[in-house]
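Working notes for the structure below.
The values are calculated or read from the model by the stated rules, or taken from the named source; none is laboratory data. Keep in mind that what you see is a predicted model, and the values were worked out from it rather than measured. Methodologically, a virtual Cβ is constructed for each residue, glycine included, from the backbone with ideal geometry; neighbour enumeration extends over all protein chains shown.
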Amino acid sequence: MEKGSAAVAEDRRGQRPSRGGSGGGRDGSSGSGRGSSSSRGGSQSDSRGGARGDSRGGSRSDSRSDSRGDSRGGASRTGDTRGKSGGRGPSGGKPTGGKRPAGAQQRGPRSRAEEKEARTADQAAYDGPDLPEHITGIELDRGVRAQLKGLPEKLAARVARHLAAAGAFIDEDPELAYRHALAARARASRIAVVREAVGETAYAAGHYAEALAELRAAKRMNGATDYLPIMADCHRALGNPEQAIKLAKTPSVANFSSEAKAEMTLVEAGARRDMGQLDAALRTLELAPLTSKSRAAWVVRLRYAYADTLEAAGRESDALAWFHRTHAVDSDELTDSAERAEILERRQS
């Protein structure tokens, strides 16, 4: 990879692929806009984390993740069934009567203290961060709330509030959003929308292995493919660009929306660059609708990634022209295309 893992995490923060959404990321070639799942949303306009609005399969979504693959590890209630064997031996048979196998060490006060501390940490993870009073769970998209109806009423309400909190905090404090998603997973690990939330918040917080594991779990549960751009970018972050490219070639990508296709194109081009394949990255981007008349964010990011890759390939005149083309449609100033163009102009004068 072109950058160390710390740099990679920094690059993706705020420039993450959005599930079916807009892109623009590392080296200008990864997506921006965070993983968006299909089902949640609510108060913010990007379906993420439940509290974000459009429940798309293309904008953002709620957040989730975790490489622990199920509801245990750190997030589960106690994941800790220790001490529940009723004094039985290791095989669950008769009690050992206080006799220890040869070579076994007696647990001293310190090990008990450590065990208590671990249980306390597990319980804290299960409890999750404090829930702001103004977050009630009603912020979630109706489709998300429908997926929680199979839970007991009080449990569903608590899970909904943690999901909504995850969505509310994912931009300003992704780590906090991740902890809220973990608290939801500890209570409802078999619900796909919860695993999505963990995957997406983990991705936002830079926990790429966890994000990949959780989104895989969600995909197994509901068969959704709109997580693929985020999953591909997780592979990039973990130093596996070949796997990112493999996901980009998934047949279902052909049925993606224009935004989602652009997102996957950006991730694939970034993976090519990770492998030092600048010409292949350029060809990948040239197959995308770079000349679209749309001023949508995904067009801006495609153009920016193309200009950036042209500059990396030493084609500075072409890069200058495309930075200008990017700036022409970047009314929201999503990129630094104007500054990049100015630097190239000074260099060439």
**Item:** Selected residue (only one of G206, G199 is within 30 Å of A288 (Cβ to Cβ), assigned to a loop (DSSP other than H, G, I, E, B) and touching a residue at least 40 places away in the same chain (Cβ under 8 Å))
**Value:** G206
**Message:** Just to confirm my filter: which helices (runs of 4 or more DSSP H) fall fully inside region 246-349 and include at least 2 residues that are aromatic (F, W, Y)?
**Reply:** 297-312, 316-329
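Looking at this structure, is A202 at pLDDT 95 or above and crowded, with 24+ Cβ neighbours inside 10 Å?
Yes, satisfied.
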**Request:** Mind counting the residues in region 209-237 that are surrounded by fewer than 24 Cβ atoms within 10 Å (Cβ to Cβ) and either among the charged types (D, E, K, R) or part of a loop (DSSP other than H, G, I, E, B) (or both)?
**Result:** 6
**Message:** Take the conditions closer than 23 Å to S331 by Cα, touching a helix residue (DSSP H, G or I) at 6+ places or on another chain (Cβ under 9 Å) and either modelled with pLDDT of 95 or more or not assigned by TED's automatic domain parsing to the domain that holds D336 (or both) and apply them to A305. Does it pass?
**Reply:** yes
